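Before any comments, here is the structure.
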Amino acid sequence: MTEQERQLVANAERLFTLTNQKIEHLLQKLASMSGNVKSALDNEIIPLYKVTDPISGTTSELISL
């Protein structure tokens, strides 16, 4: 594995950790809710995208090497 690949893997691992934490937070929030939860989760969606989107970029970089 090259140094660039190692750095990308380390970055991907960090990003997956952040994403998993955010997903766990949302799962806990969902477990405590009932009824129509859509409006209650609207404020959670953008922060989730902010932690998941960078993973695809890092993964694409790894694939292209």
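Derivation of every value follows stated rules applied to the coordinates shown; laboratory data play no part. Just so you know, these numbers come straight off a predicted model, no measurement behind them. So basically every Cβ, Gly included, is an ideal-geometry build from the backbone, and we count neighbours across all protein chains shown.
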**Message:** Can you report the number of residues in region 1-16 which are in contact (Cβ under 8 Å) with a residue 24 or more places away in the chain and of a type in the set (Gly, Ala, Ser)?
**Reply:** 1
**Request:** Go through region 47-65 and give me each residue that's of a type in the set (Val, Ile, Thr) and either farther than 19 Å from Arg14 by Cα or touching a Phe, Trp or Tyr at 6+ places or on another chain (Cβ under 7 Å) (or both).
**Result:** Ile55
**Message:** For region 17-56, give me each residue that is in contact with a helix residue (DSSP H, G or I) (Cβ under 7 Å, 6 or more places away or on another chain), assigned to a helix (DSSP H, G or I) and of a type outside the set (D, E, K, R).
**Reply:** Leu18, Thr19, Leu26, Pro47, Leu48, Val51, Thr52, Pro54, Ile55
**Message:** Of everything in region 1-16, what is polar (S, T, N, Q) and assigned to a helix (DSSP H, G or I)? Give them in sequence order.
**Reply:** Gln4, Gln7, Asn11
**Asked** Name the pairs whose Cβ atoms lie under 6 Å apart, with the first residue in region 17-38 and without any contact (Cβ under 8 Å) to a residue 24 or more places away in the chain and surrounded by 11 or more Cβ atoms within 10 Å (Cβ to Cβ), the second assigned to a helix (DSSP H, G or I) and not hydroxyl-bearing (Ser, Thr, Tyr), and 6 or more positions between them or separate chains?
**Response** Leu26/Glu44
